[in-house]
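Inspection log for the structure reproduced underneath, given as structure tokens.
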Amino acid sequence: MEQILSLGPTPAERLNRARADLRMGLPVVLSGVCLAVAVETLSAARLAALRGLGRPVLALTSWRAETLKARVYDGDLARVRVPEDADLAWLQALADPADDLRMPMKGPLASEREGDAGLARAAIALAKSAHLLPAALLVPLTGPAPEGLTALDAAQALREIAAETVLAPVSAARVPMRAAEKGRLHIFRPDDGGEEHYAIEIGAPARDKPVLARLHSACFTGDVLGSLKCDCGPQLDAALTQMGHEGAGVLLYLNQEGRGIGLANKMRAYSLQDQGFDTVEANHRLGFEDDERDFRIGAALLKKLGFAQVRLLTNNPAKVRMLEANGVHVAERVPLKVGLSRHNAAYLATKAAKSGHIL
Ligand SMILES: Nc1nc2c(ncn2[C@@H]2O[C@H](COP(=O)(O)OP(=O)(O)OP(=O)(O)O)[C@@H](O)[C@H]2O)c(=O)[nH]1
Ligand SMILES: [Zn+2]
């Protein structure tokens with residue numbers, strides 16, 4: 001009996017299923033009492049079906065609510081009442097700031113004050129971790145949940161999302177690179193089937209001395225396209241080149257595109273930047289924090305590879321603090337200032353002014 005039971009999904013596995021469901025536009029059951037669906041992927045047909053069940057409420061982060069002038073009674077989020085005549089376009093306009101400037105008036109909006117915000121909080125956290133816009137529609141269930149939907153306990157889901165990802169090595173092989181011939185790429189995979197992360201080891205760095213290290217967050221536009229809007233591409237190059245020259249180092253390539261909001265949301269942020277908002281304001285207008293990355297992953301990977309001390313290539317003091325807080329000693333911060341262009345001067349200045357980067 002024990003064995004049959006253990007074949008079922010763990011809470012972490014269920015959570016990953018829920019992410020996939022939300023990305024498809026399927027609702028998930030929260031704590032057995034409501035259905036939650038991401039606004040970004042919601043279809044008109046599903047909205048109609050959900051309306052048949054009860055009165056929906058739209059969960060938005062306090063950042064998004066602030067822009068929309070919706071009252072925030074729940075600290076980090078607001079639960080906005082959905083009027084009888086509101087259609088899918090109304091919901092989408094509240095979730096997505098793309099047309100805010102063209103059509104600023106969406107209200108007046110009324111927010112729920114009574115009751116528990118825990119379900120809404122879990123729904124928003126789920127949408128974020130699925131790299132969708134942080135906006136979710138919640139509908140209370142009066143009867144049993146529809147068959148076949150993924151069911152989660154809201155409090156447990158929030159704990160799982162906040163928990164540290166456990167990564168296991170999957171495979172590794174030699175990859176000689178332009179910048180460093182003695183390269184080896186290691187792939188790590190979380191046990192819940194989530195995002196994989198990579199480590200590139202240059203040479204054979206000693207484990208008992210501080211290793212030259214770089215924690216690089218994925219940037220498709222900078223790393224692959226050579227975008228001039230940021231400094232990621234040149235930083236990646238310069239870090240590998242320095243490791244190549246010194247003959248040893250480790251670069252973690254963390255799949256946390258767009259400071260953890262995903263590439264689709266990053267392009268939404270870029271469109272807002274074209275409307276005049278800076279990189280931090282754009283994240284906030286979308287409903288995200290400035291930085292949604294889980295910095296613990298970097299520390300965990302370094303320790304897994306046997307490195308307890310680093311000389312960290314970064315201009316971001318938050319990375320230094322995070323490593324120290326998670327058991328990796330930063331013996332030295334090595335500045336990494338490359339790739340300044342007229343396209344990214346304002347972006348780098350904003351990071352220095354608002355995110356504490358050292359220019
Ligand atoms: N949301 C958002 N993400 C961006 C933007 N520009 C770049 N990014 C992302 O920002 C991250 C930059 O990561 P890093 O270079 O590792 O980190 P950093 O915090 O700048 O710190 P250091 O480079 O180490 O000094 C990447 O995930 C990029 O995809 C932007 O305008 N908006
Ligand atoms: Zn970049």
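The figures follow:
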quantity: Selection count, segment 215-230, where residues are open to solvent by less than 10 Å² (accessible area, probe 1.4 Å) and charged (D, E, K, R); calculated: 0
quantity: Of all residues in segment 97-150 being part of a loop (DSSP other than H, G, I, E, B) and among the hydroxyl-bearing types (S, T, Y), the one that is surrounded by the most Cβ atoms within 10 Å (Cβ to Cβ); calculated: T150
quantity: Top-ranked residue in segment 87-96 [being open to solvent by less than 80 Å² (accessible area, probe 1.4 Å) and in contact (Cβ under 8 Å) with a residue 24 or more places away in the chain; ranked as farthest from the chain's Cα centre (by Cα)]; calculated: L88
quantity: Qualifying positions in segment 338-356 - closer than 25 Å to R311 by Cα and surrounded by fewer than 17 Cβ atoms within 10 Å (Cβ to Cβ); calculated: V338, L340, A349, A352, A353, K354, S355, G356
quantity: Qualifying helices (runs of 4 or more DSSP H) (wholly inside segment 1-95; at least 3 residues being within 24 Å of N283 (Cβ to Cβ)); calculated: 11-24, 62-68, 88-95
quantity: Residue that is farthest from ligand 1 (Cβ to nearest atom) [pool: residues in segment 325-359 that are of a type in the set (A, V, I, L, M) and in a helix (DSSP H, G or I)]; calculated: A325
quantity: Close pairs (9 angstrom Cβ cut-off, 6 or more residues apart or separate chains): modelled with pLDDT under 95 and among the small types (G, A, S) in segment 305-318, within 16 Å of ligand 1 (Cβ to nearest atom) and in a loop (DSSP other than H, G, I, E, B) anywhere; calculated: A318/D291; A318/F295; A318/G356; A318/H357
quantity: Long-range neighbours under 6 Å by Cβ, at least six apart or interchain, first residue at pLDDT 95 or above within segment 208-233, second among the aromatic types (F, W, Y) and open to solvent by 10 Å² or more (accessible area, probe 1.4 Å); calculated: H216/Y253
quantity: Residues being open to solvent by 50 Å² or more (accessible area, probe 1.4 Å) and of a type in the set (A, V, I, L, M) - total across segment 317-337; calculated: 2
quantity: Any hit, segment 307-320, residues being of a type in the set (V, I, T), within 25 Å of A162 (Cβ to Cβ) and assigned to a helix (DSSP H, G or I); calculated: yes
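Yes or no, residue by residue, for (1) farther than 22 Å from A206 by Cβ; (2) touching a Leu at 6+ places or on another chain (Cβ under 8 Å); (3) basic (K, R):
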residue	(1), (2), (3)
A218	yes, yes, no
G222	yes, yes, no
D231	yes, yes, no
D237	yes, no, no
E246	no, yes, no
K266	yes, no, yes
Y270	yes, no, no
D291	yes, no, no
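Residues are listed down the side, and each one gets a yes or a no for (1) within 22 Å of D21 (Cα to Cα); (2) in the same structural domain as L91 (by the TED database); (3) touching a Cys at 6+ places or on another chain (Cβ under 9 Å):
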{"site": "A127", "(1), (2), (3)": "yes, yes, no"}
{"site": "A130", "(1), (2), (3)": "yes, yes, no"}
{"site": "A135", "(1), (2), (3)": "yes, yes, no"}
{"site": "P140", "(1), (2), (3)": "yes, yes, yes"}
{"site": "P144", "(1), (2), (3)": "yes, yes, no"}
{"site": "E147", "(1), (2), (3)": "yes, yes, no"}
{"site": "D153", "(1), (2), (3)": "yes, yes, no"}
{"site": "A172", "(1), (2), (3)": "no, no, no"}
{"site": "A179", "(1), (2), (3)": "no, no, no"}
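The values are calculated or read from the model by the stated rules, or taken from the named source; none is laboratory data. Model, not experiment: these values are computed from the prediction. Using ideal geometry, Cβ is built from the backbone for each residue, glycine included, and neighbour counts are taken over all protein chains shown. Note: areas computed on protein heavy atoms with side chains; ligands, DNA, RNA excluded. Shrake-Rupley method; radii C 1.70, N 1.55, O 1.52, S 1.80 Å.
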